């Protein structure tokens with residue numbers, strides 16, 4: 001199903017009772033974020049802020065449920081596009097027998113060709129209104145979090161073309177607004193648009209860039225999808241909506257954009273120009289990505305539809321709206337991975353707590369020893385899977401969405417000394433734990449059953465280990481679940497060596513034979529839920545530095561994981577460490593006071609309240625608690 005514009009999608013949401021209109025003024029500076037965060041974390045509705053202080057309403061939280069994500073793509077369930085893709089590719093690539101089979105193939109190819117992008121002559125709906133003097137300040141651009149470097153466009157589809165090959169890319173890269181006609185262009189080192197930028201720089205040519213907002217939600221999703229460079233995002237959008245994307249030529253550059261979007265921001269990037277300091281920004285990891293230098297995007301024209309709606313999203317501590325975009329990717333791209341690389345894969349799951357790249361769970365049809373290791377290495381070398389930090393491979397009978405079962409299988413099948421693999425490679429630019437920028441460690445757990453090996457384990461009794469630290473209030477020990485032989489140690493860390501010493505003490509206790517894993521966290525994390533601790537630990541570790549084994553007196557190997565904050569210059573860590581993303585108390589109390597008058601339904605308290613204790617210092621960069 002396709003939508004002729006964003007307003008039609010909004011009408012569909014409203015007809016299903018999935019959208020809340022907010023008629024009173026809500027400030028795009030922090031207030032919209034605070035409301036959307038509460039809604040996203042409480043299974044709340046999509047939000048249409050009708051009074052943004054500008055002429056344009058703001059749509060937020062539109063994708064933040066299974067039902068809304070499916071509605072946005074016109075599908076019945078998340079698995080549907082992947083199954084359709086599988087059937088299509090099998091039909092095209094399979095053996096062709098008689099005449100009817102070949103005629104059927106012609107029909108299939110005709111359907112495929114009908115999804116390829118087309119072109120519109122003259123002006124399109126997205127060009128109904130042309131700003132005489134383009135001014136980004138006329139748009140309700142959000143300042144999302146208190147320590148953000150400024151307002152950011154958060155759902156832009158950035159259109160670029162390779163200067164040599166002519167291949168097109170439509171990616172999603174946040175854009176900080178610095179002035180009426182100036183933005184930062186935050187495309188990461190490994191992204192296709194960044195590659196295009198380097199190509200223009202080599203040629204010494206100015207790079208045309210156009211940014212679109214709104215239109216059919218399929219455009220927004222396609223821009224987030226991890227496609228190979230040779231496949232255009234608008235082709236994927238056409239496949240998803242079962243209708244070609246009509247493209248129109250921009251007014252001030254030669255790029256083409258979807259004709260039915262709400263806004264088009266045209267301009268250029270000059271590779272010869274000095275970069276601009278962009279950020280900080282409260283990012284999807286739940287931490288600030290810190291200020292760095294990125295290209296300048298100069299605006300030459302802004303056009304929009306009549307009755308345009310400005311779409312926006314926020315990211316931060318999960319779960320957030322982007323978790324459902326990630327879930328769609330997980331389901332849609334399972335088959336292509338299985339078909340092109342790893343036919344043994346049965347299922348794949350990226351938990352929200354892993355913020356896309358930190359944690360990946362896989363189930364495989366295992367046929368031989370070492371197959372899990374083969375799968376890990378293949379995926380660590382494939383596309384955006386190269387950013388993965390922790391990968392767990394399980395047998396085909398394990399339900400990856402049943403976390404109790406996953407933990408049980410890890411406990412039963414992982415021998416620490418034999419079944420954990422380490423590697424190093426590219427890291428996500430947003431990963432703050434790696435010792436080096438965009439390069440860090442990876443850890444793989446082979447949690448498949450080993451032939452002829454039976455593993456038993458007993459519940460961990462944390463009381464036994466508490467005696468080691470009797471009277472020391474700076475250490476708290478817990479065991480979160482009987483499903484896995486895991487000990488959690490919360491401490492006021494003085495230095496990294498302190499954790500190694502604690503690990504040695506714990507392993508020396510006779511009852512330590514029941515443990516496989518010990519995770520060390522900062523003391524202020526002791527009241528977080530297990531899922532929140534998974535989010536925090538996955539963010540805080542570089543496996544090549546922070547995971548270490550120790551064998552106890554019985555020869556059992558116990559894995560220690562240092563999931564504490566690393567302080568620059570104190571732990572041998574060379575980079576600045578960011579603070580978690582939380583809202584300021586003034587904004588929280590302001591929304592508390594006017595919640596009822598905004599008509600938002602049953603009161604929802606601020607999610608930020610429980611994370612305030614994790615913040616060190618007053619800015620985006622975490623401070624050293626020992627230095628105030």
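Scanning region 422-447 for residues that are part of a loop (DSSP other than H, G, I, E, B) and under 19 Å from residue 486 (Cα atoms) gives a single hit, 447. Listed by first and then second residue, the pairs with beta-carbon distance under 9 Å, at least 6 apart or on different chains, first residue in region 136-150 and free of Cβ contacts under 8 Å to residues at least 60 places away in the same chain, second surrounded by fewer than 20 Cβ atoms within 10 Å (Cβ to Cβ) and assigned to a loop (DSSP other than H, G, I, E, B), are 137/54; 137/180. The number of residues in region 118-161 being in a strand (DSSP E or B), closer than 27 Å to residue 196 by Cα and more than 32 Å from the chain's Cα centre (by Cα) comes to 1.
Scanning region 544-598 for residues that are farther than 25 Å from residue 391 by Cβ and part of a loop (DSSP other than H, G, I, E, B) yields a count of 20. Screening residue 475 on (1) within 36 Å of the chain's Cα centre (by Cα); (2) more than 30 Å from residue 362 (Cα to Cα); (3) modelled with pLDDT under 85; (4) surrounded by 14 or more Cβ atoms within 10 Å (Cβ to Cβ) shows it passes everything except condition (3). Here residue 261 does not fit the description of being within 28 Å of the chain's Cα centre (by Cα), part of a strand (DSSP E or B) and touching a residue at least 24 places away in the same chain (Cβ under 8 Å). If the condition is being crowded, with 20+ Cβ neighbours inside 10 Å and touching a residue at least 24 places away in the same chain (Cβ under 8 Å), then region 169-178 contributes 169, 170, 171, 172, 174, 175, 176, 177.
Would you call residue 374 crowded, with 18+ Cβ neighbours inside 10 Å and more than 23 Å from the chain's Cα centre (by Cα)? Judged against the criteria, residue 374 is not a match. The residue list 469, 465 contains one member that is crowded, with 22+ Cβ neighbours inside 10 Å and more than 34 Å from the chain's Cα centre (by Cα), which is 465. Looking at residue 450, is it touching a strand residue (DSSP E or B) at 6+ places or on another chain (Cβ under 7 Å) and not in a strand (DSSP E or B)? When the stated conditions are applied, residue 450 does not pass them. Taking residue 533, is it in a helix (DSSP H, G or I) and either within 21 Å of residue 442 (Cα to Cα) or free of Cβ contacts under 8 Å to residues at least 40 places away in the same chain (or both)? Yes; evaluated as a whole, the condition is true for this residue. The set of residues in region 426-439 that are more than 18 Å from the chain's Cα centre (by Cα) and surrounded by 16 or more Cβ atoms within 10 Å (Cβ to Cβ) contains only 435. Residues that are part of a strand (DSSP E or B) and under 23 Å from residue 195 (Cβ atoms) within region 265-293 comprise 265, 266, 267, 268, 269, 276, 277, 278, 281, 289, 292, 293, listed in sequence order. The set of residues from region 192-218 being surrounded by fewer than 20 Cβ atoms within 10 Å (Cβ to Cβ) and part of a loop (DSSP other than H, G, I, E, B) comprises 204, 205, 206.
The values are calculated or read from the model by the stated rules, or taken from the named source; none is laboratory data. Just so it is clear, the structure is predicted and the values come from calculations on it, not from any experiment. FYI the Cβ positions are ideal-geometry reconstructions off the backbone, even for glycines, and counts take in every protein chain you see.
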